[in-house]
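The values are calculated or read from the model by the stated rules, or taken from the named source; none is laboratory data. Keep in mind it's a predicted model, so treat the numbers as computed, not measured. When we count neighbours, we look across all protein chains shown, and the Cβ atoms used for this are built from the backbone with ideal geometry, even at glycine.
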Amino acid sequence: MLNGKTALVTGGSRGIGAAIAIKLALLGANIAIVYAGNNDQAELTRKNCETHGVKAVKYACDVSDFAAVKTTVAAIKAEFGGVYILINNAGITRDGLVALMKEDDFDQVISVNLKGAFNLIRHVSPLMIRAGGGRIVNISSISGLMGNAGQVNYAASKAGLVGMTKSTARELAAKAVTCNAIAPGFIKTDMTKSFEGDDRLTAAIPLGHMGTPDDVAELAAFLCSPAAGYITGEVIRVDGGMAM
């Protein structure tokens, strides 16, 4: 389905990012894994992608650094020839009540989660335009749709991704580049370990359980497929009904 295409996945060393990278590799895409610092996990994801017979290379990069992203995208273009799929998944949390939140905790989350996505779109979209098309998928969150106490910074960054998705979709539609967002709910990852086994959380999810990274990866793969070529500017929840 995606044979010969190249997918750039940020935050690709573990969790949702790793699941998406491996799923796209299964569908035949070559994978550029962009990660912040966990080299061992990034290498594991790379090897798991390669088991599907595709090319996979990892790149350490701070996505909040405009110049570093430009350099990394240039290296990926040199290695793979271009980028057809961009998955903006890199994200961090620095939770705290707004009345007590440190300025640096707010700035860091916005820089990685929101500016990081802009940096990638800014440097990758010209490659897609010149190649005649592409797919961008931004990983938002239900926190950005409904808010969450203790996550003013995170919710703001993820709500910002929704606006960025819609504006990007409008700008690039004429160039055959689609841009959509996925808004996961509580997904079993390192980021949500503290919530596992919380009966109050489970009670708030109509389907009665947390999701898995594969649940998000399946939707991401669909949005990157030829079948989703007429879908753009959408924000789709993967949350067990939590935010409906």
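State the number of residues belonging to the range 24-46 that are in a helix (DSSP H, G or I) and within 11 Å of residue 2 (Cα to Cα).
Here is the first cut: in the range 24-46, the residues in a helix (DSSP H, G or I) are 24-26, 39-46.
From the residues that got through so far, the ones that are within 11 Å of residue 2 (Cα to Cα) too are 24-26.
Here the count works out to 3.
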- Please enumerate the residues belonging to the range 74-88 that are within 18 Å of residue 221 (Cα to Cα) and not in a loop (DSSP other than H, G, I, E, B). 85, 86, 87, 88
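Kindly indicate whether any position in the range 99-115 is under 19 Å from residue 4 (Cβ atoms), touching a residue at least 40 places away in the same chain (Cβ under 8 Å) and under 19 Å from the mean Cα position of the chain (by Cα). Spell out how you get there, then give the answer.
Applying the first criterion (under 19 Å from residue 4 (Cβ atoms)) to the range 99-115 yields none.
No, there is no match, as no residue in the range 99-115 is under 19 Å from residue 4 (Cβ atoms), touching a residue at least 40 places away in the same chain (Cβ under 8 Å) and under 19 Å from the mean Cα position of the chain (by Cα).
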- Message: Tell me yes or no: at least one residue of the range 48-58 is closer than 21 Å to residue 216 by Cβ and loosely packed, with under 15 Cβ neighbours inside 10 Å.
- Response: yes
- Message: Any residue at all in the range 13-23 that's small (Gly, Ala, Ser), under 16 Å from residue 190 (Cα atoms), in a loop (DSSP other than H, G, I, E, B) and at pLDDT 95 or above?
- Response: yes
- Query: Of the residues in the range 47-73, how many are assigned to a helix (DSSP H, G or I) and without any contact (Cβ under 8 Å) to a residue 60 or more places away in the chain?
  - Reply: 11
- Item | Wholly enclosed helices (runs of 4 or more DSSP H) of the range 142-244 bearing at least 2 residues free of Cβ contacts under 8 Å to residues at least 12 places away in the same chain | 152-172, 199-203
- Residues (of a type outside the set (Gly, Ala, Ser), buried (at least 20 other Cβ atoms within 10 Å of the Cβ) and under 14 Å from the mean Cα position of the chain (by Cα)) located in the range 155-168: 158, 161, 164, 165
- Message: Considering only the range 9-16, I want to know if a residue exists there that is among the hydroxyl-bearing types (Ser, Thr, Tyr) and within 25 Å of residue 222 (Cβ to Cβ).
- Response: yes
